[in-house]
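Student: Following this message is one structure expressed as structure tokens.
The values are calculated or read from the model by the stated rules, or taken from the named source; none is laboratory data. Computed from a prediction, not measured in an experiment: that's the story for all the values here. Methodologically, a virtual Cβ is constructed for each residue, glycine included, from the backbone with ideal geometry; neighbour enumeration extends over all protein chains shown. With ligands, DNA and RNA removed, areas are computed over all heavy atoms of the protein, side chains included. Shrake-Rupley method; radii C 1.70, N 1.55, O 1.52, S 1.80 Å.
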Amino acid sequence: MTQIKKVVLAYSGGLDTSVIIPWLKENYDGCEVIAMCADLGQGDELNVVHDKALASGASKVYIEDLKKEFVEEFIWPCLQAGAVYEKKYLLGTSFARPLIAKRLVEIAEQEGADAIAHGATGKGNDQVRFELTVKALAPHLKIIAPWRLWDIRSREDAIDYAEKHNVPVPVTKKRPYSMDRNIWHLSHEGADLENPWNEPKNDLLMIVTPPEQAPDTPEYIELVFEQGIPVMLNGEKLDAVAMVEQLNEIGAEHGIGVTDMVENRLVGMKSRGVYETPAGTILHYAHNELEALTLDRATLQYKQLVSIKYAELVYDGMWYAPLREALAAFVNETQKTVSGTVRLKLFKGNVSSAGAKSPYSLYSEEFVTFGRDEVYNQADAEGFINLFGLPLKVRALMKKERNL
């Protein structure tokens, strides 16, 4: 193996990264391992990370509070873009990885490290997301991906390795789910979920109340947006982090935001996951309602195409790619009039619209009314239809003439 003297490891305290620290020291001739844990809103999970990393062999531990940057610089742009992967996935893990990798690069430069390491498997998307970011920001740094090098072949093997090296891990063979949590979502993969015929077990959800157990009375909320970004909830102005936290609490109570999907991974295989994303589900619904009110037909429909490509780029780890940045410029232009208020009804896992208004609304009751109006001449429609349908008419005449 290439001589490596100092490595900065993306450390979560979970199973994979817990065993990577002793593995790196064993296989790279006692190299120094610096652990970096990004606080993206995992909550209590971070309480033991610092001491655990040191006990596992790290020489230094960085715990970086990146929640504000995460929401403002990564989540909000994806919300404005309407970026949803394969109609369901709200990208909770996808847009976290480039931020983590960006901070890894900054610490590696600061510490004079030779390499960056991560715990992503060779079967997953995260390896691509981490490494593309490093290549975009610091191409001189080496990248170590133990899952592509070591003899460990399963989560059970990793648990055995941890036990052998006295490394405590928050996973047992009885609950061997692979989970990723941040302020935006909690994902569950593996174990019984690997068979898409299996319904998720009742105890799987850790954030969202099962919809059937949610309150029997609906709750109404009002969200105010400025240029596509939520700024006020129920009359209270909130910063980005507080907005997501409060909507998570409200949405989770009402069973909002559980997604069970089979998705197409970038590496060519399908995978099945269950995601809990209460705030994200509410915000995307509200944002769509406001765009329907404020964007013209051509712009809205073209933006829907952009949303699909934007989500694909983020999913594929191309955050720092020129195309993602160019599409972001288009999105920003569309969001200049996406300001206003949306009222929503939350009830037993469902979000529904209860009203929307905007000073930039393109909806005109005066034009669309079924009652008497003085602004629209219905006779104008005849000429429009004649011209709009002219290609169909010409084609029909040709087919009649040719007996087709």
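Student: Using a Gaussian network model of the chain whose springs link C-alpha atoms within less than 10 Å, name the residue from Arg272, Arg129, Arg372 with the highest mean-square fluctuation.
Tutor: The residue that fluctuates most here is Arg372.
Student: Here is a follow-up. Antiparallel as a % of all DSSP beta bridges within the chain, to the nearest 5? Provide the component values of the computation, followed by the final result.
Tutor: On the way: 36 of 53 bridges.
Beta bridges within the chain, antiparallel portion: roughly 70 percent.
Student: What does the charge count around Arg343 come to, taking other residues whose C-beta lies under 10 Å from its C-beta (Lys +1, Arg +1, Asp -1, Glu -1)?
Tutor: Numbers: positive: Lys345, Lys357; negative: Glu222, Glu289.
Net charge around Arg343: 0.
Student: Residue by residue through the stretch 217-229, which ³J(HN,Hα) values in whole Hz follow from phi under the Karplus form 6.51 cos²θ - 1.76 cosθ + 1.60 (θ = phi - 60°), with glycine and proline marked x?
Tutor: 3J(HN,Hα) across the stretch 217-229, in whole Hz: 10, x, 10, 9, 10, 10, 10, 10, 10, 10, 6, x, 10.
Student: Okay, moving on. Please return the longest range in the chain lying between exposed loop sites, taking GluC sites (Glu not before Pro), DSSP loop only, at most 13 other beta-carbon atoms within 10 Å, and leaving the sites out. Can you show the working numbers first?
Tutor: Values: sites that count: Glu86, Glu374.
With a cap of 13 other Cβ atoms within 10 Å, the longest stretch comes to 87-373.
Student: Taking amide H positions as placed in the peptide plane 1.01 Å from N, state which residues far from Ala321 in sequence (5 or more) or on other chains have amide H under 5 Å from it.
Tutor: none
Student: For the chain, modelled as a GNM with alpha-carbon contacts under 10 angstrom, which of Ser178, Ser364, Ser339 fluctuates the most?
Tutor: Looking only at Ser178, Ser364, Ser339, the biggest GNM fluctuation is shown by Ser364.
Student: I'd like the FRET efficiency for Phe370 and Asp51, computed as 1/(1 + (r/R0)^6) with the beta carbon distance as r and R0 of 51 Å, rounded to 0.05. Display every interim value, and only then the final one.
Tutor: Numbers: r = 69 Å, r/R0 = 1.35.
That pair, Phe370 with Asp51, gives E of 0.15.
Student: Can you give me the C-alpha center-to-center distance between the stretch 126-166 and the stretch 357-379, rounded to a whole angstrom?
Tutor: 59 Å
Student: Please identify, among Ala356, Ala242, Ala108, the residue showing maximal mean-square fluctuation in a Gaussian network model of the chain using a 10 angstrom Cα cutoff.
Tutor: Result: Ala242 has the largest fluctuation of those listed.
Student: So, taking all protein chains as they sit and a 1.4 Å probe, how much accessible area belongs to Cys78, in Å² rounded to tens?
Tutor: 0 Å²
Student: Run the quick spin-label model on Arg402 and Val241: label points 7 Å from Cα toward the beta carbon, then report their separation in nm to one decimal.
Tutor: Result for the modelled spin labels: 6.8 nm.
Student: On to the next question. Once label points are set 7 Å from the Cα along Cα→Cβ at both Asp44 and Tyr363, what is their separation, rounded to one decimal in nm?
Tutor: That separation, rounded to one decimal, is 4.3 nm.
Student: Give the lysines whose C-alpha is closer than 16 Å to that of Lys270, dropping any in the same chain fewer than 8 places away, or say none.
Tutor: Of all the lysines, those that pass the test against Lys270 - Cα under 16 Å, at least 8 places apart if same chain - are Lys87, Lys88, Lys123.
Student: How large is ³J(HN,Hα) for each residue in the stretch 360-369, as worked out from phi by the Karplus curve 6.51 cos²θ - 1.76 cosθ + 1.60 (θ = phi - 60°), to whole Hz, x for Gly and Pro?
Tutor: With coefficients 6.51, -1.76 and 1.60, one gets 10, 4, 9, 7, 10, 4, 4, 7, 8, 4 Hz.
Student: Looking only at the stretch 350-366, which residues have a backbone nitrogen under 20 Å from a spot 7 Å from the Cα of Thr341 in the C-beta direction?
Tutor: Only 352-365 fall inside the zone, counting backbone N under 20 Å.
Student: While we're on this one: How big is the gap, in Å, between the Cα center of the stretch 181-251 and the Cα center of the stretch 380-400?
Tutor: If we compute the Cα centre of each part, the gap is 50 Å.
Student: What ratio of Cα Rg to 2.2 N^0.38 Å holds for the chain? Mind showing how you got there, number by number?
Tutor: On the way: Rg = 25.3 Å, N = 404, 2.2 N^0.38 = 21.5 Å.
This ratio for the chain stands at 1.17.
Student: Compute the signed sum of charges (Lys and Arg +1, Asp and Glu -1) over the other residues within less than 12 Å, Cβ to Cβ, of Arg97. Show your work: numbers first, answer last.
Tutor: On the way: positive: Lys102, Arg103, Arg129; negative: Asp126, Glu131, Asp180, Asp316.
Surrounding charge for Arg97 is -1.
Student: Then there's this: For the pair Glu163 and Asn195, what calculated FRET efficiency results from E = 1/(1 + (r/R0)^6), where r is the Cβ-Cβ distance and R0 = 35 Å, to the nearest 0.05?
Tutor: On the way: r = 27 Å, r/R0 = 0.78.
My answer for the efficiency is 0.80.
Student: Please give the calculated 222 nm ellipticity per residue for the chain, where each DSSP H segment of at least 4 residues contributes -39500 (n - 2.57) and the sum is spread over every residue; nearest 500 deg cm²/dmol?
Tutor: Working: 14 runs with 155 residues, N = 404.
Helix-only estimate at 222 nm: -11500 deg cm²/dmol.
Student: Leaving out ligands, DNA and RNA but keeping every protein chain, what accessible area does Trp319 have, in Å² rounded to the nearest 10, with a 1.4 Å probe?
Tutor: Counting only protein heavy atoms, Trp319 exposes about 10 Å² to solvent.
Student: Just the number, please: Stokes-Einstein D of the stretch 275-339 in µm²/s, Kirkwood Rh from C-alpha pairs, 10 °C, 1.306 mPa s. Display every interim value, and only then the final one.
Tutor: Details: Rh = 12.8 Å.
This corresponds to a translational diffusion coefficient of 124 µm²/s.
Student: Starting from 0.36 nm per residue, how many nanometres of slack lie between Ala298 and Ser59 once their C-alpha separation is accounted for?
Tutor: Details: separation 239, 0.36 × 239 = 86.04 nm, distance 5.63 nm.
Length gained between Ala298 and Ser59: 80.4 nm.
Student: What FRET efficiency comes out for the pair Ile385/Asn350, r = Cβ-Cβ distance, R0 = 41 Å, nearest 0.05? Show your work: numbers first, answer last.
Tutor: Working: r = 39 Å, r/R0 = 0.94.
FRET efficiency, Ile385 to Asn350: 0.60.
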